[in-house]
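In what follows, a structure is listed as structure tokens, so that the remarks can point back to it.
The values are calculated or read from the model by the stated rules, or taken from the named source; none is laboratory data. In this text the structure is predicted, and so the values were computed from the model without any measurement. Neighbour counts are summed over all protein chains in view; Cβ atoms, including those assigned to glycine, are modelled from backbone coordinates with ideal geometry.
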């Protein structure tokens with residue numbers, strides 16, 4: 001017998017009707033208790049979702065979901081998911097997360113005590129779809145590996161990728177790599193870990209000390225600098241450990257703040273490298289071994305930072321912070337470097353350590369000052385989760401977020417000051433993150449040549465001309481339409497009108513077979529501007545200041561290319577940067593996600609660097625264009641010419657910046673016919689293979705990506721590579 005059941009709890013969801021729901025945040029969830037109804041099976045049904053959902057099932061064996069299992073399901077808009085509860089043993093609760101982003105869908109949940117009822121229900125659904133001619137819903141079975149339940153009814157969801165399980169595997173890989181390391185033979189520690197302490201729970205200090213004991217003996221020292229604690233629990237712990245040979249404990253007479261306590265610890269440090277650990281955090285196993293290997297492989301390094309693991313109050317894994325290679329543009333919007341950061345002691349002490357007056361953002365201020373003048377090869381990212389970041393809401397920055405944000409912006413304002421004048425720093429698309437207002441190089445807005453490939457498409461080209469001339473706030477534009485042979489009299493009349501009313505307009509009409517790269521190159525050769533903007537004719541302007549924002553981003557050092565944030569007309573993301581190697585070639589990450597989707601570390605809310613950006617709206621500086629040359633008309637006539645151009649620019653030393661503060665609509669391919677002909681498909685495959693071969697994309701390590709992410713989907717997931725990822729520096 002199959003019967004409907006309600007959830008015992010739901011969160012992140014809003015009911016739109018009896019069975020219709022809207023997910024209102026990034027963590028919607030239904031929770032069920034199968035033991036309450038004596039169910040051996042649960043069946044979840046999703047119908048008529050507004051986009052492909054990425055559901056997951058979580059199993060709780062009596063502790064909580066973080067300590068249970070997380071099972072990744074197939075993405076679909078219409079699906080059936082059967083959980084064979086009894087195959088997993090004693091399951092207390094089952095959680096079904098329909099998506100990891102805002103969405104709309106119909107949802108029903110059923111329970112059954114026998115397999116026969118499940119088979120009958122699924123069979124009925126499939127027959128109904130077949131009789132009506134509708135697409136059959138996908139059916140997926142969640143059962144313990146090796147279990148025989150519901151065989152042949154649907155594919156098994158056997159990939160268990162929950163963060164706790166993934167982290168266990170990471171540590172197993174690290175144990176295999178570092179477990180046999182010889183004892184440290186140096187005469188003094190290589191690394192000094194500094195921890196300011198103030199009224200810290202004894203259990204937190206125990207966990208910190210335990211995590212330090214797990215590291216390679218002698219390779220590091222731990223210095224605790226008490227900042228005048230008044231809590232008896234803390235002072236008693238410090239008294240008990242005063243003679244511990246593994247610790248150096250310093251005691252300040254009075255409370256002076258985090259910066260003062262950290263500098264006190266710095267004064268006693270003997271290691272060549274300095275790292276900071278908050279008093280409520282800890283190190284992961286083999287953290288020191290991984291750092292030592294990184295330093296040995298990169299002897300010229302002056303700064304090293306790692307990935308981190310976010311935990312609950314009991315240091316149980318909840319999520320990762322997986323970072324890109326070093327990106328100063330991203331750092332201008334958010335302190336994504338954070339934990340664990342390692343500094344050369346000599347350089348750090350020369351800077352005077354931490355500064356007073358930046359409470360809540362003193363580490364951000366230090367990073368910005370320390371990074372000034374460093375070369376890219378001197379900064380190394382170690383993609384190993386070396387740090388346990390306890391998120392229990394008790395940190396200073398969490399409790400005094402407004403002050404921490406204000407101090408972060410003050411540090412950025414100093415760092416981006418020009419001629420002694422502090423820069424203006426405003427909120428980003430996330431109010432707690434940052435947007436530095438930049439001035440164009442040289443102070444004046446450069447002349448921009450807008451190159452628009454087009455043919456006929458009167459509705460598109462007329463709207464774009466109106467958007468450029470009436471809705472774009474930019475003082476120095478020339479517009480060049482490179483036309484592939486329009487015959488529509490309305491389009492030709494539009495060109496005539498534009499020539500009369502806008503002296504800086506030109507239409508270059510050449511009837512020729514479609515070769516997008518060749519068409520663009522005609523415009524590049526005709527352009528007179530200090531910069532060239534490649535712009536598709538199916539772009540629609542949303543906000544007038546978009547082009548000033550793009551031009552101002554050229555002020556970031558070494559920047560030669562700037563890309564924009566593009567939305568589909570329905571408001572979902574079309575372009576938030578290109579990940580090279582995604583889908584074995586190159587792809588737009590998070591394409592199709594809701595327009596307000598934040599991305600990892602809220603990166604989609606701030607500017608940052610990429611190896612490539614789409615040519616649908618691409619600003620190129622004149623020096624970059626002259627260094628790189630034109631688009632490749634032979635190998636990338638239609639597709640990937642923009643990716644190839646960006647990668648060539650990277651090899652020439654130019655940075656590609658993407659900004660969410662220039663947002664436009666992109667009616668993608670609205671002016672082109674179908675690509676689904678055999679000739680077009682064959683051409684597309686040839687150009688894919690040409691890009692793979694030229695840049696070795698199967699092994700390409702995109703600096704904007706993280707090696708722990710999958711590369712088979714626009715929305716990356718956790719993967720376990722064959723070996724621990726290598727340390728990496730910024731490269732294109």
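Tell me the residue from 14, 51, 90 that is surrounded by fewer than 18 Cβ atoms within 10 Å (Cβ to Cβ), modelled with pLDDT under 85 and within 27 Å of residue 318 (Cβ to Cβ), please.
90
In the set 537, 521, which member is under 17 Å from residue 450 (Cα atoms), in contact with a helix residue (DSSP H, G or I) (Cβ under 9 Å, 6 or more places away or on another chain) and either assigned by TED's automatic domain parsing to the domain that holds residue 628 or in a helix (DSSP H, G or I) (or both)?
Values: 521 fails: in contact with a helix residue (DSSP H, G or I) (Cβ under 9 Å, 6 or more places away or on another chain).
None of the others qualify; the one that does is 537.
Can you tell me which residue is surrounded by the fewest Cβ atoms within 10 Å (Cβ to Cβ) among those in the range 434-461 that are free of Cβ contacts under 8 Å to residues at least 12 places away in the same chain and on the phi > 0 side of the Ramachandran plot?
443
Here's the yes/no breakdown for (1) closer than 21 Å to residue 23 by Cβ; (2) touching a strand residue (DSSP E or B) at 6+ places or on another chain (Cβ under 9 Å); (3) not in a loop (DSSP other than H, G, I, E, B):
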| site | (1), (2), (3) |
| --- | --- |
| 49 | yes, yes, no |
| 57 | yes, yes, yes |
| 63 | no, no, no |
| 71 | yes, yes, yes |
| 74 | yes, yes, no |
| 80 | yes, yes, yes |
| 83 | yes, yes, yes |
| 86 | no, yes, yes |
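Can you tell me how many residues within the range 462-476 are without any contact (Cβ under 8 Å) to a residue 60 or more places away in the chain and within 17 Å of residue 544 (Cα to Cα)? It would help to see each step written out before you state the result.
First, the residues of the range 462-476 that are without any contact (Cβ under 8 Å) to a residue 60 or more places away in the chain: 462, 465-466, 469-470, 475-476.
Right, trim to within 17 Å of residue 544 (Cα to Cα) and you get 465-466, 469-470, 475-476.
Result for the range 462-476: 6.
Residue under question is residue 209, and the condition is that it be in a helix (DSSP H, G or I), without any contact (Cβ under 8 Å) to a residue 60 or more places away in the chain and farther than 23 Å from residue 404 by Cβ; does it hold?
Values: in a helix (DSSP H, G or I): yes; without any contact (Cβ under 8 Å) to a residue 60 or more places away in the chain: yes; farther than 23 Å from residue 404 by Cβ: yes.
When the stated conditions are applied, residue 209 passes them.
Quick one: count up the residues across the range 704-725 that are closer than 10 Å to residue 381 by Cβ and in contact with a helix residue (DSSP H, G or I) (Cβ under 9 Å, 6 or more places away or on another chain).
Result for the range 704-725: 1.
Being surrounded by fewer than 20 Cβ atoms within 10 Å (Cβ to Cβ) and over 21 Å from residue 448 (Cβ atoms) is the filter here, so list the residues in the range 501-518 that pass it.
509, 510, 511, 512, 513, 514, 515
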